1. Could you list, in sequence order, the residues of region 275-287 that are open to solvent by 10 Å² or more (accessible area, probe 1.4 Å) and either touching a Cys at 6+ places or on another chain (Cβ under 6 Å) or farther than 15 Å from residue 202 by Cα (or both)?
2. Checking residue 109 against (1) open to solvent by 60 Å² or more (accessible area, probe 1.4 Å); (2) in a helix (DSSP H, G or I); (3) polar (S, T, N, Q): exactly one of these is not met. Which one?
3. Could you check region 259-327 for strands (runs of 3 or more DSSP E) lying wholly inside it with 2 or more residues that are among the β-branched types (Val, Ile, Thr)?
4. Select from region 530-546 the residues that are at pLDDT 95 or above and not hydroxyl-bearing (Ser, Thr, Tyr) and write down the one among them that is nearest to ligand 1 (Cβ to nearest atom).
5. Scan 470, 496 and give me the residue that is basic (Lys, Arg) and under 30 Å from residue 287 (Cα atoms).
6. Just need a number here: residues in region 449-476 that are assigned to a helix (DSSP H, G or I) and not aromatic (Phe, Trp, Tyr).
7. Assess whether residue 487 counts as being surrounded by fewer than 24 Cβ atoms within 10 Å (Cβ to Cβ), within 11 Å of ligand 1 (Cβ to nearest atom) and aliphatic (A, V, I, L, M).
8. Which residue, of 395, 356, is open to solvent by less than 20 Å² (accessible area, probe 1.4 Å), over 20 Å from residue 58 (Cα atoms), in contact (Cβ under 8 Å) with a residue 12 or more places away in the chain and among the β-branched types (Val, Ile, Thr)?
Amino acid sequence: MPLGDFLVAYLQKIGVTHLFGIPGDLVIRLFLRFGRRRGLRIITLSHEPGVGFAADGYARATGRIGVVCVTYGAGGHNMVNPVAGSYSERVPILVLSGGPGEEERKLGTLIHHQAKEIESQLRIYQELTCAARVLDDPLAAARTVHETVQAIWREQRPGYLEIHRDMVERPIPVPREILDWDGALHFARSDERRVDEAVRETAARFAAARRPFTMVGIETFRFKLQREVRALAERMGAPVTTTVLAKGAFPMDHPLHMGVHIGPLSPPPIVRRVDRADLVLNLGTLLTDMNLGSRPPQITRDRSIWAVGGRVNVSYHTYTDVHIRDFVRGLLHVRLRRHRERVRYCDNLPPQAPGVERRLHVTDVLHEVNRFLRGRRGFMVVAESGDMLFAGLDVRVERGGGYLAQGYYASMGFGVPGALGAQLGTGVRPLVLSGDGAFQMTGPEIAQAPRHGLNPIVLVLNNGGWQIFRPVVARHELLDVPNWPYARLAEAWGGRGFRVARVDELRAALAEAARTPSFVVVEALVSPTDLSPVSRKYIAASARHGRRAGA
Ligand SMILES: Cc1ncc(C[n+]2csc(CCOP(=O)(O)OP(=O)(O)O)c2C)c(N)n1
Ligand SMILES: [Mg+2]
């Protein structure tokens with residue numbers, strides 16, 4: 001079977017429905033193969049970074065592999081940043097790149113789109129993926145595809161396959177076991193004896209604890225454990241927080257959910273409760289500075305259990321080859337002491353000031369977004385990097401809605417394209433929270449929404465620039481961005497636009513947006529000196545950190 005046809009059939013077998021890409025002459029044959037009748041649905045956007053973020057948003061929201069197809073060099077290199085983000089935050093992405101054929105490589109001339117060497121792009125992707133291969137051997141091609149996809153799934157990280165243009169029609173043998181395989185992908189398996197022991201020791205510590213506490217991290221979401229984690233939390237009866245990166249992995253309106261933990265920058269009741277805990281159960285929490293509020297964990301190791309990265313640390317004991325799925329499922333099968341703590345959800349928002357005929361503050365925007373979400377089912381909030389990444393921590397999505405953000409890699413530009421991909425995969429309407437600076441990076445991809453039948457609501461907080469840095473940058477003009485006519489652009493691009501400066505205007509615009517079938521951009525004017533409560537804390541802490549490091 002031609003390699004190109006094998007790839008299409010293989011991706012369909014594992015449940016891939018969409019392919020995100022931009023063609024080029026070195027990939028066009030492969031690209032067209034995917035788009036054949038009965039092939040995959042091809043989604044093109046304007047710029048490869050948008051394409052990469054869209055595939056990442058699709059993968060995050062659906063739990064399936066996001067597939068991108070780009071041309072060699074100019075396209076592949078343009079895709080590096082989103083793929084790096086997927087690597088950091090453990091999102092399964094398959095990058096397919098074209099490349100020059102064998103004969104043209106033998107000519108001895110440089111080939112267009114080439115950087116340093118023909119292999120340079122492969123080497124770059126080796127740094128950013130769990131597996132990166134060139135399909136240059138027809139005999140091994142099918143197996144290489146299979147191994148790469150299995151690695152992507154097992155590790156929940158991107159993988160890379162380079163297919164030179166003369167390989168697309170090349171017939172390849174497909175081994176029997178791949179033909180007979182049912183298309184099911186599997187996560188890594190644990191050592192059962194170690195799982196048993198880790199679970200028994202955890203249960204014993206839990207039984208002895210008087211004030212246990214659970215933190216839910218991103219691995220629980222990537223390894224599809226939401227239902228199990230919820231059942232476990234209910235059996236334990238202890239408060240649950242999520243990390244910055246895992247916001248949305250535990251239902252925000254669950255009675256045991258206390259809010260988002262971000263180390264010492266958390267809402268004071270969370271800081272106090274974690275300090276008082278005599279046992280902290282960390283499920284799938286990556287140890288990142290963002291998750292921990294720029295400070296090493298305050299939780300001492302002898303009163304914590306960490307399950308992440310295929311191992312479980314119970315106090316000072318380390319169990320290797322214990323993956324989080326088996327650990328959580330194991331805990332569901334043993335007797336656990338039940339605690340009955342009453343938990344109060346908390347955030348960082350001060351109460352909203354009275355009156356609606358007044359200028360908007362960032363906290364008003366958050367109150368209004370929460371008010372909007374309270375009354376409605378089925379929205380997916382997508383928070384951009386910048387002030388909105390921290391502001392978003394105080395947004396509460398109820399009744400089964402979702403939440404997506406790059407809570408660790410924190411690249412600007414994820415918001416709008418990530419939301420497009422998420423809506424394509426799930427059908428859930430996104431509400432994007434973006435700054436004006438971030439919108440100017442990839443926000444114009446919203447112009448693609450009508451073509452693909454998508455209709456996100458994008459709230460652009462226009463504070464005149466990259467203002468999250470304003471408290472620490474003396475020359476404010478270095479942070480300026482031009483003032484785009486966001487609402488008018490939205491109208492010109494086939495959506496609707498609103499420009500609001502007051503609380504009542506924002507409330508009305510959001511209500512109207514909910515009734516509007518097309519995409520909507522709501523530009524909200526806020527002062528350049530205004531920031532969300534968590535950003536204020538974060539910037540102050542990181543400035544202290546920087547001074548200490550520099551001293
Ligand atoms: C791709 C990328 N470049 C640069 C940064 C550094 N950065 C973080 S926030 C920010 C400014 C964000 O500005 P805006 O989107 O207007 O949000 P604001 O903080 O003003 O609300 C910058 C430049 C980044 N995170 N990602
Ligand atoms: Mg801004």
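The values are calculated or read from the model by the stated rules, or taken from the named source; none is laboratory data. Here the structure is a predicted model, which is why all the values come from computation and not from measurement. Here the Cβ is made from the backbone with ideal geometry for all residues, glycine too, and neighbour counts use every protein chain on show. What goes into the accessible areas is simple: the full protein's heavy atoms, side chains included, and nothing from ligands, DNA or RNA. Shrake-Rupley method; radii C 1.70, N 1.55, O 1.52, S 1.80 Å.
1. 275, 276, 286, 287
2. Residue 109 satisfies all of (1) open to solvent by 60 Å² or more (accessible area, probe 1.4 Å); (2) in a helix (DSSP H, G or I); (3) polar (S, T, N, Q) except (2).
3. Details: elements: 279-283, 304-308, 311-314, 317-320.
Those strands (runs of 3 or more DSSP E) span 304-308, 311-314, 317-320.
4. 531
5. Values: 496 fails: under 30 Å from residue 287 (Cα atoms).
On inspection, the qualifying residue turns out to be 470.
6. The initial filter retains those residues of region 449-476 that are assigned to a helix (DSSP H, G or I), namely 450-452, 467-472, 476.
Adding the requirement that they be not aromatic (Phe, Trp, Tyr) leaves 450-452, 467-468, 470-472, 476.
Of the residues in that region, 9 qualify.
7. Working: surrounded by fewer than 24 Cβ atoms within 10 Å (Cβ to Cβ): yes; within 11 Å of ligand 1 (Cβ to nearest atom): no; aliphatic (A, V, I, L, M): yes.
So residue 487 does not fit the description; no.
8. Numbers: 356 fails: open to solvent by less than 20 Å² (accessible area, probe 1.4 Å).
The conditions single out 395.
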